[in-house]
Amino acid sequence: MSAVLKQKSKLIVCDGNEAAAWAVSLADVDMVAVYPITPQSSLVEYLAKFIADGRLSAEIVDVEGEHSVLSVLHGACLAGARTYTASCGPGLAFMFEPYLRTPGMRLPLVMTIVTRDTLTPQSVWGGHQDAMSVREVGWVQMYCESVQEVLDTTIMAYKIAEHHDVMLPVNVCHDGNYLSFGAARCELPDQGEVRNFLGEKDVNWHVALDPQRPMAVDPLTGGAGGPGPSTFVRYRKGQCSGMQNSLEVITEVHEEWGRRFGRTHAPLVESYRMDGADYAIVTIGSMTGAAKDAVDEARARGEKVGLVKVKTYRPFPTQAFATALADVQAFGVVDRSVSFGWNCGPLFQDSITAMNYSPKRIPAMSFIGGLAGADLTVSHFERVIGRTKELARDGRPAETVWLNEKD
Amino acid sequence: MSMTQRAYPMFDSSTIPDDLCPIATKPTPMLPGDWRSMRPVVDRAKCVKCAVCWLYCPVQCVVERPAWFDFNLKTCKGCGICATECPQRAIAMIEEAA
């Protein structure tokens with residue numbers, strides 16, 4: 001990961017929540033609105049401390065709930081501020097109404113989802129169900145693997161969101177428990193270098209609450225019989241274009257980050273030991289660390305297995321994904337959440353859709369694990385690798401496998 | 001300042017792509033009086049010019065006359081707050097002619 005340690009950067013040991021707060025501080029955010037919720041709460045406490053200590057000169061608004069969190073940030077963003085919040089699970093659910101409006105208004109907010117399994121059954125532990133449940137709302141979603149990636153991605157998220165070809169809100173997702181509270185070595189980049197990287201703030205050039213630029217923001221487009229529906233379609237298509245444009249912007253921004261800070265992260269999908277792989281496993285988020293270890297062990301035994309990690313999940317990097325898996329005979333997808341409509345994992349569902357663009361049909365299987373904070377260990381991934389190897393041999397996918405069912 | 005004058009010209013929306021956030025930069029010529037369904041009528045005998053209606057009117061359409069208060073019916077939207085708040089019960093809301 002860290003090839004070059006830049007002179008002005010600093011090494012600390014912190015968890016993912018603190019790393020996100022450091023990123024917000026380094027990104028010169030103007031307005032933070034928050035409501036605490038497990039496992040995000042300490043992130044908010046770090047931010048409050050940074051602001052109280054004068055490290056970050058932002059306004060922090062402790063509102064009465066998540067619906068107001070995002071409404072406050074809409075106003076701030078329309079007035080030209082760089083904005084940030086973090087939430088998860090039930091908080092994200094309560095935020096849903098303004099959450100739906102944010103991408104349509106093309107507001108480049110950045111929000112961390114410290115992922116948590118959704119109720120019910122009652123759970124305050126990690127799982128991707130909250131973030132996955134909002135995958136079709138129109139926010140860009142990136143999932144992090146490590147504490148360092150949380151910090152780096154949160155800073156990069158501003159550059160991606162505020163790019164004029166994108167102008168969309170970005171969710172940086174990091175796993176509740178495993179990344180939120182797991183401490184690791186983390187390199188803090190220099191404030192000045194982050195400023196140079198991000199450039200001037202310019203978030204309300206297209207829509208503004210500004211007396212010097214009078215306009216009505218988000219008026220009714222009108223119904224059938226008039227130009228309303230075609231106007232609506234124009235904006236919807238614009239939103240889809242912004243999403244598609246973001247794929248290239250995410251790639252460029254990650255490349256620039258690597259050049260400036262000496263740390264590279266795969267922007268869309270990461271191919272790990274895919275050279276000559278006969279079959280592969282697909283992962284997302286912090287589980288990838290244990291999965292890579294399992295792949296290393298299998299490779300040491302002579303197994304021809306590789307791994308593809310999805311970082312950018314929305315928009316789905318169809319081309320990069322299909323290219324990464326083009327030469328395998330089978331793949332197994334491990335999800336930390338459930339698609340109730342398809343009796344499998346949502347990433348699995350996206351994977352087989354993406355592979356539809358591949359010239360050959362590749363058998364695939366869905367594995368679900370790590371729900372409600374369950375640990376996904378190397379031995380779980382050994383099972384995934386073993387089952388996927390069988391699939392490569394017989395080409396007959398079985399029903400979804402629940403990995404932690406008998407732990 | 002009249003109703004159509006403004007401190008800054010409306011934003012020129014042709015300077016930005018037309019598929020980002022929907023915005024409107026052409027003011028409609030319609031005023032609330034064009035769509036109001038109820039209008040306030042003052043009973044001059046009851047009005048004591050206490051100015052409570054003037055204070056509460058959300059669109060500030062209450063106009064002072066020599067011995068009573070009246071309303072600018074171009075901008076009155078007929079909300080009836082003045083009638084509710086009037087301590088003398090001097091304001092009645094009547095239906096606009098169809």
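Below is a table of values for the structure above.
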| item | result |
| --- | --- |
| Residue check for A:ARG259: touching a Leu at 6+ places or on another chain (Cβ under 7 Å), free of Cβ contacts under 8 Å to residues at least 60 places away in the same chain and either of a type in the set (A, V, I, L, M, F, W, C) or surrounded by fewer than 21 Cβ atoms within 10 Å (Cβ to Cβ) (or both) | no |
| Checklist (1) β-branched (Val, Ile, Thr); (2) crowded, with 20+ Cβ neighbours inside 10 Å; (3) part of a loop (DSSP other than H, G, I, E, B) applied to A:THR120, failing item | (2) |
| Strands (runs of 3 or more DSSP E) wholly inside segment B:7-94 that include at least 1 residues being in contact with a Pro (Cβ under 6 Å, 6 or more places away or on another chain) and more than 14 Å from chain A (Cβ to nearest Cβ) | B:69-71 |
| Hits in segment A:204-228 (condition: under 16 Å from B:PHE11 (Cβ atoms) and more than 9 Å from chain B (Cβ to nearest Cβ)) | A:ASN204, A:LEU209 |
| Complete set of residues in segment A:38-50 that are without any contact (Cβ under 8 Å) to a residue 40 or more places away in the chain and surrounded by 19 or more Cβ atoms within 10 Å (Cβ to Cβ) | A:TYR46, A:LEU47, A:PHE50 |
| Out of A:VAL166, A:VAL110, A:VAL170, sole residue that is within 30 Å of B:ALA24 (Cα to Cα), crowded, with 20+ Cβ neighbours inside 10 Å and within 14 Å of another protein chain (Cβ to nearest Cβ) | A:VAL166 |
| Those strands (runs of 3 or more DSSP E) lying entirely in segment A:273-360 with at least 3 residues in contact with a Cys (Cβ under 6 Å, 6 or more places away or on another chain) and closer than 20 Å to A:LEU391 by Cβ | none |
| Residue within segment A:264-275 that is touching a strand residue (DSSP E or B) at 6+ places or on another chain (Cβ under 8 Å), touching a residue at least 12 places away in the same chain (Cβ under 8 Å), loosely packed, with under 13 Cβ neighbours inside 10 Å and of a type outside the set (A, V, I, L, M) present | yes |
| Residues that are small (Gly, Ala, Ser), more than 16 Å from the chain's Cα centre (by Cα) and under 16 Å from A:LEU151 (Cα atoms), drawn from segment A:233-266 | A:GLY258, A:GLY262 |
| Filter pass, A:MET215 being in contact with a Ser or Thr (Cβ under 8 Å, 6 or more places away or on another chain) and either farther than 22 Å from B:LEU20 by Cα or surrounded by 15 or more Cβ atoms within 10 Å (Cβ to Cβ) (or both) | yes |
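Any read-out appearing in this document is the output of simple, stated calculations on the displayed coordinates, not a laboratory observation. These numbers come from a predicted model, not from an experiment. Here the Cβ is made from the backbone with ideal geometry for all residues, glycine too, and neighbour counts use every protein chain on show.
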